[in-house]
1. Can you divide the C-alpha Rg of segment 1-109 by 2.2 N^0.38 Å and report the result to two decimal places?
2. Put E191, E185, E336 in order of accessible area, largest first, 1.4 Å probe: what do you get?
3. What whole number of Å gives the distance from the Cα centroid of segment 274-319 to the Cα centroid of segment 421-480?
4. Keeping the other protein chains in place, figure out the carbon and sulfur percent of the accessible area of segment 156-231, with a 1.4 Å probe.
5. Evaluate the Kirkwood expression for the hydrodynamic radius of segment 254-436, namely the inverse of the mean inverse distance over all pairs of different C-alpha atoms, and round to one decimal in Å.
6. Summing Lys, Arg as +1 and Asp, Glu as -1, what charge do residues with Cβ under 15 Å from the Cβ of E461 carry, E461 excluded?
7. So for the chain: antiparallel DSSP bridges make up what percent, rounded to the nearest 5?
8. Let me check I've understood the local charge: for G274, count other residues with C-beta under 12 angstrom from its C-beta, Lys and Arg +1, Asp and Glu -1. What total comes out?
Amino acid sequence: MTEEFGLFIGGAWTVPPNARRFETINPATRESVGSFVSGTADDVGRAIAAAEKAFPDWKATPAPKRGDLLLEAAHRLKERKSEVGRLVTREMGKVIAEGLGDVQESIDFIEYMAGEGRRLFGETVPSELRSKFCLTVRQPKGVVACITPWNFPTAIPNWKIAAALISGNTIVFKPASNTARCAVEVVRIYEEAGVPPGVLNLVTGSGGVVGNALVADPRVRTISFTGGVETGRDVYVRGAQGLKMVHLELGGKNPVILMEDADLGLALDGVLFGAFGTSGQRCTATSRLIVHEAVYDEFLDRLTARLDQFTVGDPLDPKTGMGPVASADQERKILEYIAVGKQEARLRYGGAKLTGGAYDRGFFIQPTIFETKHGTRISKEEIFGPVLSVIRVGSYDEAVRVANDVDFGLSSSIYTRDVNRAFRAMDDLEAGITYINAPTIGAEVQLPFGGVKNTGNGGREAGSVAIEEFTEIKTVFVDFSSRLQKAQIEEDGGE
Ligand code: TXE
């Protein structure tokens, strides 16, 4: 019997009359995980109204007290880490070590943001006039919408929710439909921690209905969105009609550059983890390997030999290297790209859906490597699956040219022992994140996360800057001279 879940509006789990439902499934087995309400525009309206009602009191709650609530949430999540980590793996398909990592990232970020409650720094700035004091304070924006994808089903929602809450906003949270059960658990943690009614609301349902209603409603001032480029662009354009702040975290086509002087053993571990961790379904996944010709053949031989040892299968088994991809849609899209790759490039490894036995129940694809020239579709478009494009280059300059010649700029990496070259790469790579001698994945919550070009529109999540997305800066002038003083205008009226 599939467990049924409602919407969380105004502090209560509710099921609207005549609600339509959808189910999520385990992508390794197709077993049902839970049944959820397909929210309507009406439900979104009620959630926004609840958030609006809760806002004044939450705004007035001292930020350190808001921080206490976050600490309590982090504490509860810590106690339930293994249970929630297993749920992430069951509903999304990433291997259990990564499912637990997803939850740990949530815990780390919630704790980090709790501390922000005792900072939320403004500035004091000198005035050009006597007896005048100038400062800035941060204020919340009001009702914010958090729209999230399925690839980090607890971490990405928590990146948004914890930053929005500590800043004093109230929230309507709309998760990706195929990880709705994880979203329920995220909300329950805050509920158990004592979040006041209406401060955090959850409306499950489709992007077309729930997402659109959130974007269209004038009461929502800020939209924080992580997902695909096309959806993000659409949300941005429609949000602009209402002059909303729209914060976007979109795709990547992240390169590892491997120079001739690199530690190849180190790079081997990094590329395997970067390309095939989470079945390649991370926005920072290593999807291009740009290799100097001097080490090209040796490295590829070693890489494919390592893949022969790699197990694809049950993500709950700790020995499994790679689980299924997240959904039937993901499987179809990735297999389409593999078919394109077979036309335009040389298939070096994998390249097929895994079938037979337990594989037939889920969405399993072989780790896949193509050798390709730069410029093919598979070398430039985001595939979001376990597919690595390898490109041969003759020099550092060529490697950087190739690395930068894509529409995205999220993460990047170079393996080299030459310190000068490493520092040059920090400057030269067009990306929001550059790793030296480490793969393109591995964000830490205390550092900003985001990218350039089509990866977003300039904002950053995580780190101390996470609150910028969710706060307005108010400038305050205090004139204690007891007379009218005029900035920029001479006292005697002269020039
Ligand atoms: O994302 P979508 P999907 C990429 C990746 C993937 C593709 C599609 O390439 O294959 O995007 O994934 C909600 N108004 N990334 O379908 O559609 C939707 O319900 C408002 C990269 O999951 O962008 C979900 O909650 N919201 C990315 C969220 O938007 C709408 C991570 C994201 O859905 C909406 C995930 C609308 N009109 C996917 N339509 C990364 N790089 O991290 C949908 N949504």
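The values are calculated or read from the model by the stated rules, or taken from the named source; none is laboratory data. Treat the numbers as computed from the prediction; the structure is a model and nothing was measured. Every residue, glycine as well, gets a Cβ built from its backbone with ideal geometry; the counts of neighbours run over all protein chains shown. The protein model used for the area step is the full one, side chains on, heavy atoms only, and it has no ligands, DNA or RNA in it. Shrake-Rupley method; radii C 1.70, N 1.55, O 1.52, S 1.80 Å.
1. 1.30
2. E336, E191, E185
3. Here the two parts' Cα centres lie 27 Å apart.
4. Roughly 57 percent of what the probe reaches on segment 156-231 is carbon or sulfur.
5. Taking the inverse mean of 1/r over all distinct Cα pairs, segment 254-436 comes out at 16.5 Å.
6. Charge balance in the 15 Å sphere: -4.
7. 40 percent
8. Combined, the nearby Lys, Arg, Asp and Glu give +1.
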